[in-house]
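**Q** Could you have a look at this structure, given as structure tokens, before my questions?
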Amino acid sequence: MTLLEIFLIGIGLSMDAFAVAICKGLAIRTVSLKHAAWVGLWFGGFQMLMPLLGFLLAHSFAQAIAAFDHWIAFLLLAVIGGNMIREALSAEEEEVSGDLSARAMLLLAIATSIDALAVGVTFSMVELSVSIWLAVCLIGCTTFLISLGGVYAVSYTHLRAHETTLHL
């Protein structure tokens, strides 16, 4: 798996964190760099930690599943993809508050990074062209930047819409 492929996986993994970051940006009355960085650090940190944890767990029992590991990798990626499609087509709406406490962010970070754990298991079964450390850092940094951008972009758009409304 090449660096470009890992980067694209990082973008895909960060989409649920991006969606929650957008909601956080809308829920926070006044967004600062500190708020955006806090959200980005939680989501990016967990998107980095979970694939590493999945890789280490799977790597420890790799010999036992070597004969059918490619089918496990296929199944995990198919489940992740199917879940993403299901969530995209779902009309279910979730309420997100502007709470940025460590407890609230921990729960959101875990919820948005479960799929990254499965990707880490998959990483242990495919040949990576880079070290696992570089792969998880790339995924974490990608998610950090996308989440930070999500908080800021929405708050900026929300502010501009509010200013337009006030001038009318």
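The values are calculated or read from the model by the stated rules, or taken from the named source; none is laboratory data. Just so we're clear, the structure is a prediction, and the values are computed from it rather than from any experiment. Cβ coordinates were reconstructed from backbone atoms using ideal geometry, including for glycine residues, and neighbour counts include every protein chain displayed. Note: areas computed on protein heavy atoms with side chains; ligands, DNA, RNA excluded. Shrake-Rupley method; radii C 1.70, N 1.55, O 1.52, S 1.80 Å.
**Q** Using a simple charge model, +1 on the beta-carbon of Lys and Arg, -1 on the beta-carbon of Asp and Glu, nothing else, what dipole does region 83-137 show about its Cα centre, in debye to the nearest 20?
**A** Here region 83-137 has a charge dipole of around 280 debye.
**Q** Which residue, Thr143, Thr30, Thr112, tops the fluctuation ranking in a GNM of the chain built on C-alpha contacts under 10 Å?
**A** Highest fluctuation among the options: Thr30.
**Q** Loop only per DSSP, at most 12 neighbouring Cβ atoms within 10 Å: give me the chymotrypsin sites (Phe, Trp or Tyr not before Pro) in region 30-118, ordered by residue number.
**A** Counting only loop positions with at most 12 other Cβ atoms within 10 Å, the chymotrypsin sites (Phe, Trp or Tyr not before Pro) in region 30-118 are Phe61.
**Q** Quick check for you: with a 1.4 Å probe and neighbouring chains kept, what is the accessible area per residue of the chain, in Å²? Before the final figure, lay out each step's value.
**A** On the way: 10030 Å² over 168 residues.
For the chain, the per-residue accessible area is 60 Å².
**Q** If you place +1 on the Cβ of every Lys and Arg and -1 on the Cβ of every Asp and Glu, how big does the dipole about the Cα centre of region 1-139 come out, in debye to the nearest 20? Provide the component values of the computation, followed by the final result.
**A** Numbers: 5 positive and 11 negative charges, 86 e Å.
Here the size comes out at about 420 debye.
**Q** Any idea what the relative contact order of the chain is, in percent, if you count C-alpha pairs under 8 Å spaced at least 6 apart?
**A** Across the chain, relative contact order equals 54 percent.
**Q** Can you tell which of Val39, Val154, Val130 shows the greatest fluctuation in a Gaussian network model of the chain with Cα springs below 10 Å?
**A** Val130
**Q** Can I ask one more? Using a 1.4 Å probe on the protein heavy atoms, what percent of the accessible area of the chain belongs to carbon and sulfur?
**A** With neighbouring chains kept in place, the figure for the chain is 71 percent.
**Q** Take the alpha-carbon centre of region 90-150, take the same for region 1-53, and report the distance between them in whole Å.
**A** The two parts, judged by their Cα centres, are 6 Å apart.
**Q** Would you indicate which of (i) 67, 32, 30; (ii) 47, 38, 23; (iii) 56, 37, 27 is the value of Cα extents along the principal axes in Å derived from the coordinates of this structure?
**A** Correct label, based on the coordinates given: (i).
**Q** Among all helices in the chain defined by DSSP H, which have a length of 20 Å or more along the axis from Cα atoms plus a Kyte-Doolittle mean of at least 1.6? Could the numbers behind the result be given before it?
**A** Details: long enough: 3-27 (35 Å, 1.82); 33-60 (40 Å, 1.03); 69-89 (30 Å, 1.10); 102-123 (29 Å, 1.70); 132-167 (52 Å, 0.96).
Qualifying helices: 3-27, 102-123.
**Q** Now for a different question. Which of Ile114, Ile85, Ile132 ends up with the largest GNM mean-square fluctuation for the chain, with Cα atoms connected below 10 Å?
**A** Of Ile114, Ile85, Ile132, the Gaussian network model singles out Ile85 as fluctuating most.
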